[in-house]
Structures are given as C-alpha cells and as structure tokens.
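The values are calculated or read from the model by the stated rules, or taken from the named source; none is laboratory data. These numbers were taken from a predicted model, which means no experiment stands behind them. Because the Cβ atoms are built from the backbone with ideal geometry, glycine has one as well, and the counts that use them run over all protein chains shown. To get the accessible areas, we keep the full protein, side chains included, count just its heavy atoms, and leave off ligands, DNA and RNA. Shrake-Rupley method; radii C 1.70, N 1.55, O 1.52, S 1.80 Å.
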Amino acid sequence: MKLGIIGYGNIAKAMVAGLDGKFNPIYVNDRKPQSKKAYRKKSLQDFKIDDIEKINLDFIFICVKPKDVKGVLHSLQQFKNKPYLISVVAGINLTSLENMYNSKKVIRIMPSTAAKYRKSVTGIFAKSKGREYKLAISVLREFGTVCELTSESKFHEFTSVLGSGQAFIFEILKNYQSKINKFSKNSRELNRNFYNFISSVADAYADGKDLEDLINEIRSPKGTTHAGITSLKRDKVKNKIDKAFKAAELRSKEIQNEYK
C-alpha cells in the first residue's frame, strides 16, 4: 500500500512517526522540501504533485491549513486516476471536499499528535463504507485506536474533545509544573519529578479502576484532598472545562461555514 501526505506540519509528522517502518516509503509533499537529515530515521521521500499518477498512491492524506485546502485539491483535479483522499483538516465537510476534489473518493479523519506514540484516538467518517474505508481504518490503527463516527456532524465535538483535548490538559498541567518546580533543585530533577507525577496518573488508570475509585484512594474524609476536591466543585471547574470544549466545537463549525 502506498501512502502520500500533502502538508508536513505537526500532525503529519506525528502520523509519520507512528507509521514509520510500516509503509516504505511514505511520500511527502510540502512547501519546504524536507532535508535528508529529517528523513534519516524515517522512510520518507519527497514528491511533486505532478507525479501522483506515476507513483500510483492508494491514499493521500491532506494535512494543510483550512485556507489552503481549496488550492491543493484543485491542483489534484487534473488526474483521472485519483488516489483516495483522507482529510485531516478540521471543519471542512465531505461534500465541500468532494466538490473541491471533483471526486467522491473522500474520507475524513481526526487524529491527534499522540499518533507519534501510537496512542492517537482517531475519529473517522465516510459516506461509503467499502473496501477503501476498511483499508483506511487498518492504516489508522497503526498509530492508535479508531472511533467510527455514526454521523459527520459528530466531528465537531470529537475534534474539541480528542483532537484539541490534550492541549487543554497540557495547559492545566503547566500550573502543576510551576508548583512542582518549587520543590526541585534543578531543571533535570524537575523533569524527572514532573514525569513521575503525570505518568503515574496513566499507570493508576491502567489498573482498571474508574476515576471515582482512584480519587477515593487518595481522598480521606475531612482531609486535605477532600478540601481541594470540594473547592474544585464549588468553583465549578467542570463547567469551565466544558466551556473550553464548546469553544473549540464552535470554532470547528465556524470553519465549516467559512470553507463551504
């Protein structure tokens, strides 16, 4: 199976890291051709748009910014034997992509940068659930798990929770990092302390307990943890997080309207 990628930003690089060694080579087209040094540990090869039919790609991932999608897809209209298009672009729906590409061979996905660790939770939706759809799922599973969305409209919420969600957690963790820094002698010790703190959260969840049980393992009646949890609930922190999800979801809908 031959894979191509147009646009080599953060999400594309994460997917390539997760796919490295599975598909050789992976063909990349970007405004700035990558240096040989960047390819040293990855089986990547630059390609030109005009060479798509010669390469005979099975799938081509579109990983550009929304404002650049129209120009890229119009440049692909010239080909009779178009590869199946997999769009990684937030907000632009299938119908718009089909019109720009002049083809029904389109699938939408929403991975995360956790693909580099093969831990992306990737949403997928297509109008046709045929052979190519199933092949696409097999590719996505190489860098994590896959959620088959029941309707395209669910992409807006999925993008806010799983596409953007880790960044929200990182924003919150910045506060923890600054606090932990007070108890660390130097940056090396800070990194080690902070890593142990955040990795132990995943380890605790891996034991198979639900989140409330994990909280109760730490919390004792009238203790320090109970006081902090009570404060979080009193300040309605959950509502603030939900508000962040809604803001990202709304932006996804705005992008859809901007690029119809």
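The table below gives the values:
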{"read-out": "Residue match in the stretch 168-181 (condition: of a type in the set (Asp, Glu) and in a helix (DSSP H, G or I))", "value": "yes"}
{"read-out": "Residue list for the stretch 183-212, filter: of a type in the set (D, E, K, R) and farther than 19 Å from Thr225 by Cβ", "value": "Lys185, Arg188, Glu189, Arg192"}
{"read-out": "Sole residue being at pLDDT 95 or above and closer than 30 Å to Leu97 by Cβ, chosen from Phe194, Phe245", "value": "Phe245"}
{"read-out": "Strands (runs of 3 or more DSSP E) within the stretch 100-153 that include 3 or more residues not aliphatic (A, V, I, L, M)", "value": "120-125, 144-148"}
{"read-out": "Within the stretch 12-24, tally of residues that are open to solvent by less than 40 Å² (accessible area, probe 1.4 Å) and either closer than 22 Å to Ala167 by Cβ or modelled with pLDDT under 90 (or both)", "value": "7"}
{"read-out": "Failed condition for Leu190, given (1) over 24 Å from Asp242 (Cβ atoms); (2) over 12 Å from the mean Cα position of the chain (by Cα); (3) outside any helix (DSSP H, G or I)", "value": "(3)"}
{"read-out": "Test: Leu97 is open to solvent by less than 30 Å² (accessible area, probe 1.4 Å) and either over 21 Å from Lys2 (Cα atoms) or modelled with pLDDT of 95 or more (or both)", "value": "yes"}
{"read-out": "Residue check for Lys48: free of Cβ contacts under 8 Å to residues at least 24 places away in the same chain and open to solvent by 60 Å² or more (accessible area, probe 1.4 Å)", "value": "yes"}
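Quick grid of which residues meet (1) open to solvent by 20 Å² or more (accessible area, probe 1.4 Å); (2) under 22 Å from Glu254 (Cβ atoms); (3) hydrophobic (A, V, I, L, M, F, W, C):
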{"position": "Lys82", "(1), (2), (3)": "yes, no, no"}
{"position": "Asn102", "(1), (2), (3)": "yes, no, no"}
{"position": "Tyr133", "(1), (2), (3)": "no, no, no"}
{"position": "Val146", "(1), (2), (3)": "yes, no, yes"}
{"position": "Thr150", "(1), (2), (3)": "yes, no, no"}
